[in-house]
Structure formats: C-alpha cells, structure tokens
Amino acid sequence: MRVLAAGSLGGAGHLRPLVPFLDQVRRSGGETLVVGPPALADMVRETGHPFLAGGEPSEAQVRPIRERLPVLPPHEASVLGNRELFGRLATTAMLAAMERAVRDWRPDVILRDPCEYASAVVAARLGIPAAQVAIGLAEVEWGSIGVAAPALEAHRDGLADGSYREAAQAVAADMAAAPAIGTLLRQLPGHH
C-alpha cells in the first residue's frame, strides 16, 4: 500500500493531522510519501516520513494576501484565503510537482490537507481514491471547497458548478458514516 499525503502552505496545523494516518500505514507495512511546499521539509523530516518538495507561490504573491486577511470581513477573508491563496496561487504552484509525484510514485490513495487542492485535482483526473483529513469543522471545510471552486475550475472542469457542491455535500455525509480510515485503507487493492 502506497499512501501519498499532500500538505499545503499552512504549516504544522495542516501537516500534523496527516501524521497519525501515515504512521499507521507505515506500521502496517505500507509506504508513505509527503508532497508539499518546501517550507514543510523540516517538519516532515521530523516525522520520519519521506518528503518531496513541490512548488509554492512567491512571498511577493502571498504577502499582500496575508496582510489583508486579518482586517477583512469573514466572508471576504474566506474568499481571499481559500480561493486566491490556496485555490489559485498554491494549487497552480504545486500542480506540476503533484502530477509528477503521482505519475512516478503511483500511490494507491491520497490523503490531503483540506487546503491543498492540487492533489485533489490530480486524484480526480486519474481516478485515484483520495481522502481529506480534517483540520477543522466539516461544515467549514466543505464551505471552503465551495469558495475555492471557481479558482480550481481552471484545473478541472466542472468544479464550480452546482453538481460539485452537491457532490461535496454527499461526500461529507458519506464520510460521517464511513468506517475508520484504517478500515478504508485495508480495503484498497494491494493492502494485505
């Protein structure tokens, strides 16, 4: 079993929720790989999991967004952070590296931080099972996907239409009733 974990710009708060799942995969005899921006390299190495650095937006692109986020009304901040920072800039910067990692390493499943969208785009394109590991409340995370969807449309047709929002809500409901991730992983092909 090969599990690729995808982390975003958020640092430890976005990486740490993935680690217990990766540790379990490794204890079960599987292989892991974390793909994320270069800023995550040291944090990932401390976990003992292999790391592959992808792209990230430049500080010149990120700084104006980070400066505006704390002073905007909540909805405007959500659009700026989720759509522009994570959905457009971070996804565009990470997409080529994520495509290469998935093509070359051939994971059986992808675990992703909710703010890391390049892996979701690649998983959907290639039909690879993917699971989002929560870092917050499900309602907030699924709302974030809806906000980011117009920026993601450039990478995957159909993400911004109503069917995507309905599909996301259905997936959220399924996830709430789903078996533990360990059970899910054991059911995937190649896991013994």
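Given the conditions (1) buried (at least 20 other Cβ atoms within 10 Å of the Cβ); (2) on the phi > 0 side of the Ramachandran plot; (3) not acidic (Asp, Glu), which single one is not true for Met98?
Unmet for Met98, out of (1) buried (at least 20 other Cβ atoms within 10 Å of the Cβ); (2) on the phi > 0 side of the Ramachandran plot; (3) not acidic (Asp, Glu): (2).
For every residue, the table says whether it meets (1) surrounded by 14 or more Cβ atoms within 10 Å (Cβ to Cβ); (2) touching a Pro at 6+ places or on another chain (Cβ under 6 Å); (3) of a type in the set (Ser, Thr, Tyr); (4) in contact (Cβ under 8 Å) with a residue 40 or more places away in the chain.
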residue: Val44; (1), (2), (3), (4): yes, no, no, no
residue: Ser58; (1), (2), (3), (4): no, no, yes, no
residue: Arg63; (1), (2), (3), (4): no, no, no, no
residue: Gly81; (1), (2), (3), (4): yes, no, no, no
residue: Val102; (1), (2), (3), (4): yes, no, no, yes
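Find the helices (runs of 4 or more DSSP H) located wholly in region 55-135 whose residues include 2 or more that are at pLDDT 90 or above and under 21 Å from Gly13 (Cα atoms), and list them. Please lay out each step first, then the result.
On the way: elements: 59-68, 74-78, 91-105, 118-126.
Answer list for region 55-135: 59-68, 91-105, 118-126.
Which of the residues spanning region 4-24 are in a loop (DSSP other than H, G, I, E, B) and small (Gly, Ala, Ser)? Reasoning before the result, please.
Our first condition is that a residue be in a loop (DSSP other than H, G, I, E, B); within region 4-24, this holds for 7-11.
Answer for region 4-24, where residues must be in a loop (DSSP other than H, G, I, E, B) and small (Gly, Ala, Ser): Gly7, Ser8, Gly10, Gly11.
Among the residues of region 64-90, which ones are farther than 18 Å from Ala120 by Cα and of a type in the set (A, V, I, L, M)?
Ile65, Leu69, Val71, Leu72, Ala77, Val79, Leu80
Report every pair of residues separated by at least 6 positions or lying on different chains whose Cβ atoms are under 6 Å apart, first residue within region 1-18 and closer than 19 Å to Leu89 by Cβ, second β-branched (Val, Ile, Thr) and crowded, with 22+ Cβ neighbours inside 10 Å.
Short answer, once both residue conditions are applied: Ala6/Val35.
Quick check, is Ala39 out of contact with any helix residue (DSSP H, G or I) (no Cβ under 6 Å at 6 or more places or on another chain), closer than 20 Å to Leu126 by Cα, touching a residue at least 24 places away in the same chain (Cβ under 8 Å) and in a helix (DSSP H, G or I)?
No.
The values are calculated or read from the model by the stated rules, or taken from the named source; none is laboratory data. Every value quoted in this text rests on a predicted model; they were computed, and no experiment measured them. Every residue, glycine as well, gets a Cβ built from its backbone with ideal geometry; the counts of neighbours run over all protein chains shown.
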